[in-house]
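Let me begin by presenting the structure, written as structure tokens, before commenting on it.
The values are calculated or read from the model by the stated rules, or taken from the named source; none is laboratory data. The model shown is predicted, which means the values in this text are computed figures rather than measured ones. Glycine also receives a Cβ, built like all others from the backbone with ideal geometry; neighbour counts cover every protein chain displayed.
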Amino acid sequence: MDIDTKLEELALKLFQIDAIKFGEFLTKSGIKTPVYFDLRVIVSYPDVMELTSSLLFNFAMKDRDYNLICGVPYTALPIATLLSVQAKKPMLMRRKEAKSYGTKKMIEGHYKAGQICIIIEDVVTSGSSVLETTNDLRKEGLKVNDAIIILDREQGGKKNLSENDIQIKSLFTMSTLLEILSRNGKISKDVAINVKQYIRDNKAPPTENKKFEHRMFLPFEKRAELSSNMLAKRLFNIMATKKTNLCVSVDITSSTSILNLLEKIGAHICMVKTHVDIIEDFTWDFVMRLKELAERYNFMILEDRKFADIGNTVSLQHQKGLFRIAEWADCVTSHSLPGEGVLKGLAAVPAGPTSRGVFLLAEMSSEGNLITQEYKDVTVSMAARYPHLVMGFVCQNKDTFKDPGFIQLTPGVRLESSRDDMGQVYNTPEKVIVENGADVIVVGRGIVTSKSPETEALIYKDALWRCYEKRVSGKLL
């Protein structure tokens, strides 16, 4: 029996057991409807349950790559259970409300951050139930991009979910279901026409986003598990351990002044950003002392070299010459303008005792910069092909990338909004972290030129961390 014949058989059985009703009903989304799909009754019909789960598995799941299954509570749970057994894949259960005792978990079952989970649902109208379940799973660090459903009512849910990076595959659309029932004499042609007209005229409202979209609401500890780059994992864990996402930019020409500054503020930062080519008294002793401070205070070193040449030249610039950057900097910045050759050149440098890390410039904070949306998109897609090398992006916008394993490094931050005489635009911590999604925040003159850098660094550290905690709590407004 082919799949179309089995789908027709299932449609007729669902009509026979009164799982499809015609009349006047109110959906969860608050929409009045002349047709209602009530899957809850099928738990009393083992043959219908078996046929439904078999069709879902063979039609939409058999050849997919996934680790876990989760049914939307509560109607889809019996079907999800059968699919879990048939697919031999672990099942998770999402609670509608967290327990007030014990672990207080929203998601029950065993899983690891980074695993792929498929959503199972009976009916999609607006997509809100699927989205609620997806959000809770994504908050746990799971990757959710597919929902397998029995019926798409064709009232806007597919579009709403697509805008939240969830693609649905359904056994039936309302149109195909009505066609089967009409062809088999279960409903009149007039009923079918009236229902189709109703569906066209009554679309569900857009689903408000996106409380736990991609990385915004994941804590650093979970994102460390999702990163392919060892230095990104380390930086996430440094931030979580020290409770700081502050990077200080030491745009200072004296090596002694840099070291003295880091002695004062090292305990408050997760990373220092250097411009080694502006240091007027550079020596290898400075490098050794810089590395010693980084180890003592547990922060990383980012050389803001902004590589932008062909691969061979970049490889030489990274490891040779006066500065021999590859021997002491944990990570560097690079433009993507030369294409993948720049990453190949950086990847060709032997890693030595540590891994290599690169932040690609996807955006800039200077007024009037020439970076376009197309340039940003190509930069992000380039990084996806080098996940073990690229730590993240220098950018200003939370929508620049979605992979939670990457880090958003954002410069141009002060406690109050401002701009300088050279076109540098400064935003507040609240703006860059809560609204724009920054993970590591670069502060330069706001600390470096302060009369008390240690005090100012502590003020920035606390302000930035409060904004991060506010963001991951989900209580944005």
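Name the helices (runs of 4 or more DSSP H) wholly within the range 123-235 that hold at least 3 residues that are in the same structural domain as I107 (by TED's automatic domain parsing) and surrounded by 22 or more Cβ atoms within 10 Å (Cβ to Cβ)? Give the steps one after another, and end with the answer.
On the way: elements: 128-139, 157-162, 174-183, 189-201, 220-226.
Because the criterion is at least 3 residues that are in the same structural domain as I107 (by TED's automatic domain parsing) and surrounded by 22 or more Cβ atoms within 10 Å (Cβ to Cβ), the helices (runs of 4 or more DSSP H) in the range 123-235 that meet it are 128-139, 157-162, 174-183.
Quickly run through the range 402-433 and pick out the residues that are buried (at least 21 other Cβ atoms within 10 Å of the Cβ) and modelled with pLDDT of 90 or more. If the condition is that a residue be buried (at least 21 other Cβ atoms within 10 Å of the Cβ) and modelled with pLDDT of 90 or more, then P404, G405, F406, I407, Q408, L409, T410, P411, P429, V432, I433 are the ones that fit. Within the range 339-352, the set of residues being surrounded by 18 or more Cβ atoms within 10 Å (Cβ to Cβ) and without any contact (Cβ under 8 Å) to a residue 40 or more places away in the chain comprises V342, G345, V349.
Total residues in the range 200-227 satisfying the condition of being touching a helix residue (DSSP H, G or I) at 6+ places or on another chain (Cβ under 7 Å), at pLDDT below 90 and not charged (D, E, K, R): the figure is 6. Taking the criterion of being crowded, with 20+ Cβ neighbours inside 10 Å, part of a helix (DSSP H, G or I) and touching a residue at least 60 places away in the same chain (Cβ under 8 Å), the residues of the range 246-294 that qualify are L261, I265, H268.
Check the range 55-65 and report whether any residue there is assigned to a loop (DSSP other than H, G, I, E, B), touching a residue at least 60 places away in the same chain (Cβ under 8 Å) and of a type in the set (A, V, I, L, M). Checked the range 55-65: no residue is assigned to a loop (DSSP other than H, G, I, E, B), touching a residue at least 60 places away in the same chain (Cβ under 8 Å) and of a type in the set (A, V, I, L, M). If you check V378 against the conditions, is it at pLDDT 90 or above and of a type in the set (A, V, I, L, M)? No. The set of residues in the range 66-91 that are in a helix (DSSP H, G or I) and in contact with a helix residue (DSSP H, G or I) (Cβ under 7 Å, 6 or more places away or on another chain) comprises P78, I79, L82, L83, Q86, A87.
For the condition touching a Phe, Trp or Tyr at 6+ places or on another chain (Cβ under 7 Å) and modelled with pLDDT of 95 or more, M239 qualifies. Quick check, is S315 within 26 Å of the chain's Cα centre (by Cα), touching a residue at least 24 places away in the same chain (Cβ under 8 Å) and on the phi < 0 side of the Ramachandran plot? Answer is no for this residue.
Residues of the range 435-452 that are surrounded by fewer than 20 Cβ atoms within 10 Å (Cβ to Cβ) and touching a residue at least 24 places away in the same chain (Cβ under 8 Å): E435, N436, R445, V448. Of all residue pairs spaced 6 or more apart or on separate chains, those with beta-carbon atoms under 7 Å, a first member in the range 144-159 that is polar (S, T, N, Q) and a second member that is in a loop (DSSP other than H, G, I, E, B) are N145/D165; N145/I166; Q155/T125; Q155/N202; Q155/K203; Q155/A204.
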